[in-house]
Amino acid sequence: NPRHKRKMETASVSAREINPSCGDDVTVFVQHENGVVQDISFDGHGCAISTAAASLLCEAVQGRTLIEAEQFSQMQAIELLSIPISHNRIRCATLAFRALKKIL
């Protein structure tokens, strides 16, 4: 049951990332005001890891300032999953993170 999975019509900005090796495709939407992430969501399709990672990333970034969100690291994004991620699945686990970095 991923949270924040929806296309946001009122987004200030959005960015899309695709993992060509497996076909995962995610777009991250951010609505910000006064330098704070007011709302964040994602849409697309992918494996359980990329979907869970996108959902958890949205939870972690919601309400943060844009500067705090920009300082969020790839390792922190992976650690949100709380499970070991194999080298082959790192691209899945960081797909939404890479889209967010494009926005920031």
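Screening region 1-29 for residues that are hydroxyl-bearing (S, T, Y) and loosely packed, with under 12 Cβ neighbours inside 10 Å and picking the one that is nearest to Q62 (Cα to Cα) gives T10. Pairs needed: first member in region 30-50, within 12 Å of G63 (Cβ to Cβ); second member anywhere, of a type in the set (K, R); C-beta distance under 6 Å; at least 6 residues apart or different chains. Every condition considered, the pairs that remain are V37/R64.
Of everything in region 43-64, what is over 13 Å from P2 (Cβ atoms) and either out of contact with any His (no Cβ under 9 Å at 6 or more places or on another chain) or modelled with pLDDT under 95 (or both)? Give them in sequence order.
A60, V61, G63, R64
Remark: Q76 matches the filter, which requires a residue to be surrounded by fewer than 17 Cβ atoms within 10 Å (Cβ to Cβ) and within 13 Å of the chain's Cα centre (by Cα). If you go through region 44-73 and keep only what is surrounded by fewer than 16 Cβ atoms within 10 Å (Cβ to Cβ) and polar (S, T, N, Q), you end up with T65, Q71, S73.
In this structure, G35 does not satisfy being crowded, with 17+ Cβ neighbours inside 10 Å and either closer than 16 Å to P2 by Cα or not polar (S, T, N, Q) (or both).
The values are calculated or read from the model by the stated rules, or taken from the named source; none is laboratory data. Note that this is a predicted model, so its numbers are computed, not measured. Because the Cβ atoms are built from the backbone with ideal geometry, glycine has one as well, and the counts that use them run over all protein chains shown.
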